[in-house]
């Protein structure tokens with residue numbers, strides 16, 4: 001399959017659906033501004049307005065009934081701003097830029113981001129606004145790389161925020177509630193190489209006999225499961241930290257052929273495995289640029305629990321395996337390092353991410369989610385903001401100590417509610 005995640009066609013009068021096809025956008029108009037001043041005019045003149053990125057969200061976070069804007073028409077190339085010590089810097093991109101556009105530019109100049117999501121097709125602004133992540137005990141989410149934001153507020157004013165600003169930590173994971181991002185800066189570092197090895201045969205007992213050792217065995221570790229058994233482990237090691245990949249991984253054996261996490265799915269859309277070294281951007285994602293990520297016909301859910309509760313949370317989900325398995329394509333377990341961004345799922349402590357790739361049967365998935373959320377509730381589970389969940393605003397407020405501060409920030413930045421939508425009413429609420 002040689003399909004990219006679909007983009008909004010130039011000149012389209014209205015958007016159609018999200019990438020998965022489970023959300024039909026209701027907006028009356030779709031705008032494609034070609035300059036920031038034009039975007040400011042659209043935002044200031046709209047009753048309700050939202051920004052539309054790669055559409056790789058599985059809920060209505062970007063939906064509204066009035067105006068949508070797509071930012072792929074904004075002018076501007078990748079700008080690399082070196083730090084004074086020469087050891088890194090900040091890469092600036094427009095609000096519509098995708099990681100697949102940014103990372104080759106960084107790589108050709110010998111630079112790297114600290115981590116990437118499993119697919120590079122997504123926009124930088126959309127991924128960081130929802131707390132999207134990669135994997136690794138020492139690696140924060142993609143949002144932690146943000147070093148600057150430029151946004152258009154609902155009154156049309158262009159505002160710039162930097163890490164020293166008191167509102168910055170509340171504005172990075174903003175859920176589209178504060179404004180439309182026109183420009184965003186990400187910290188970069190010297191390049192590095194990674195090799196990926198896949199292992200099969202890991203048992204639950206060995207996984208949780210020393211989970212920290214398993215998760216810290218490489219730069220990035222992903223554990224795949226159907227909740228009956230562990231099906232695969234993907235181990236992505238930096239070549240400057242590990243000379244060779246072991247044949248055995250906590251009792252699991254190394255796969256001898258390229259292996260997809262979804263049985264029976266072609267491996268051509270995967271990044272290289274079998275220990276073949278490659279540049280960071282060619283190994284950290286699971287899926288290649290220009291190919292359909294996963295199998296292209298799916299829904300997704302994800303919850304984050306404090307890493308100290310990881311085994312108990314997994315035990316609770318294993319008890320639900322007979323209910324989960326008929327709707328599940330695969331689940332993935334990954335660790336994410338703590339941060340202090342107000343609405344980041346890793347705010348305040350290291351977390352274990354519990355990801356579900358579902359069959360495209362939304363009614364049955366939504367009917368099951370309350371059972372999963374009830375099972376994970378004792379462990380303080382936080383849902384991924386961009387995926388399917390049913391957790392409401394009251395419970396989410398209890399999960400995020402800075403939620404009152406975020407609500408106040410929204411009231412000040414968007415007093416007329418131009419960026420409000422059904423999603424924000426369900427998840428953040430209390431704007432009045």
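When only C-alpha pairs under 8 Å and at least 6 residues apart count, what is the relative contact order of segment 79-191, in percent? Could you put the intermediate results ahead of the total?
Details: 212 pairs, mean separation 38.6, N = 113.
With pairs under 8 Å counted, the relative contact order is 34 percent.
Think of it as helices only: each DSSP H run of n ≥ 4 in the chain is worth -39500 (n - 2.57), and spread over all residues that comes to -6000 deg cm²/dmol at 222 nm.
Pairs of Cα atoms nearer than 8 Å and 6+ residues apart set the relative contact order; for the chain it is 17 percent.
Highest-first packing order for the peptide set 121-128, 192-199 is 121-128, 192-199, based on the mean count of other beta carbon atoms within 10 Å.
Taking the longest Cα principal axis of the chain as reference, the axis of helix 362-376 is set at about 70 degrees. Taking all Cα pairs closer than 8 Å and separated by 6 or more residues, the relative contact order of segment 307-406 comes to 29 percent.
Averaging Cα coordinates gives a centre for segment 234-249 and one for segment 126-143; these two points are 22 Å apart.
Taking a ≥ b ≥ c as the square roots of the eigenvalues of the Cα gyration tensor of the chain, is the shape rounded (a/c under 1.5), prolate (a/b larger than b/c) or oblate? Cα axes put the chain in the prolate bin. Between residue 377 and residue 206, the modelled label-to-label distance comes to 3.7 nm, taking each label 7 Å out from Cα in the direction of the beta carbon.
Can you tell me the 0 to 90 degree angle between the C-alpha axis of helix 403-413 and the longest principal axis of the chain, rounded to 10? It works out to around 30 degrees.
Computed from Cα positions, the angle between helix 99-108 and the longest principal axis of the chain comes to roughly 70 degrees. Rounded, prolate or oblate: which fits segment 386-432, taking a ≥ b ≥ c as square roots of the Cα gyration tensor eigenvalues, rounded meaning a/c under 1.5, else prolate when a/b beats b/c? It is oblate, given that a/c is not under 1.5 and a/b is not larger than b/c.
Spacing of the modelled spin labels on residue 105 and residue 38, each 7 Å from Cα toward Cβ, amounts to 2.0 nm. Rounded, prolate or oblate, given the Cα gyration tensor of segment 79-191, with a/c below 1.5 counting as rounded? Here segment 79-191 falls in the prolate category.
Any read-out appearing in this document is the output of simple, stated calculations on the displayed coordinates, not a laboratory observation. Keep in mind it's a predicted model, so treat the numbers as computed, not measured. Virtual Cβ from ideal backbone geometry, glycine too; neighbours counted across all protein chains shown.
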